[in-house]
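Input: a single structure, listed below in structure tokens.
The values are calculated or read from the model by the stated rules, or taken from the named source; none is laboratory data. Owing to the predicted nature of the structure, the values given are computational and were not obtained by experimental measurement. Backbone-built Cβ (ideal geometry, glycine too); neighbour counts: all protein chains shown.
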Amino acid sequence: MRCDGCGQQASPEHVAQRLRRLEWSTRYRPVHIGTLLLAAVAPRRDADFLYSSAGEFAGEAQVVLEAAGVSAGGKSPDAALSEFQRGGFVLAHVLECPLEEDSGTVQELLSNFLPSTLTRIRRSLKPKRVALVSEELSFAVADFQSGKLHCELLLDGGKPFALSGEVPKKAAERLRQILAASSAAAR
């Protein structure tokens, strides 16, 4: 059986993890999405998954909060995520599950899920802005630009923001500046 969130073989543990993460994510989804931060693949560790109930922010989760201008220092995880939600932010992944060892190439899986992701953005999420935040989505920039998303596409010099790259803090700072400028222009 294939998982409908990533296209990989779905063991019972895989499905259980996906459902748990969907439940966590749904809790902090704003009614009106200002900015959809779209990453390529969900992180493996729960601590790196932004909406995790693990109670800590590491890896992707930490960098995404920084990019959104949310400081988790001295706050409970619930308070930090509530602030992220009030800011109109949502983090989503094209592949909603971490990669399994025998899953094939990342680009192949992403290519397979790209059409449904574009449809989900247009019909369900309906954000004001989409920021691509994974270098793995570089091959698909043209698809997002021509995908009739009906919203602004935020890129870092024509490429996705490399929040998972070698210098994620610099990419997060550039995204934070662009988000601030975009919000100011919308007022």
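Here ASP143 clears all of (1) buried (at least 17 other Cβ atoms within 10 Å of the Cβ); (2) touching a helix residue (DSSP H, G or I) at 6+ places or on another chain (Cβ under 8 Å) except the condition numbered (1).
Scanning segment 49-99 for residues being farther than 19 Å from PHE161 by Cβ and in contact with a helix residue (DSSP H, G or I) (Cβ under 7 Å, 6 or more places away or on another chain) gives a total of 11. Does ALA61 fit the bill of being buried (at least 19 other Cβ atoms within 10 Å of the Cβ), hydrophobic (A, V, I, L, M, F, W, C) and in contact (Cβ under 8 Å) with a residue 24 or more places away in the chain? Criteria not met by ALA61. Within segment 144-157, does at least one residue satisfy the condition of being modelled with pLDDT of 90 or more and part of a helix (DSSP H, G or I)? Yes.
When the residues of segment 14-38 are filtered to those that are touching a Pro at 6+ places or on another chain (Cβ under 9 Å) and polar (S, T, N, Q), the one that is modelled with the lowest pLDDT is GLN17.
Scanning segment 27-48 for residues that are touching a helix residue (DSSP H, G or I) at 6+ places or on another chain (Cβ under 6 Å) and either among the charged types (D, E, K, R) or part of a loop (DSSP other than H, G, I, E, B) (or both) turns up TYR28, PRO30, ILE33, PRO43, ASP48. Inclusion of SER52 among residues that are surrounded by fewer than 18 Cβ atoms within 10 Å (Cβ to Cβ) and either closer than 18 Å to ALA42 by Cβ or free of Cβ contacts under 8 Å to residues at least 12 places away in the same chain (or both) is not warranted.
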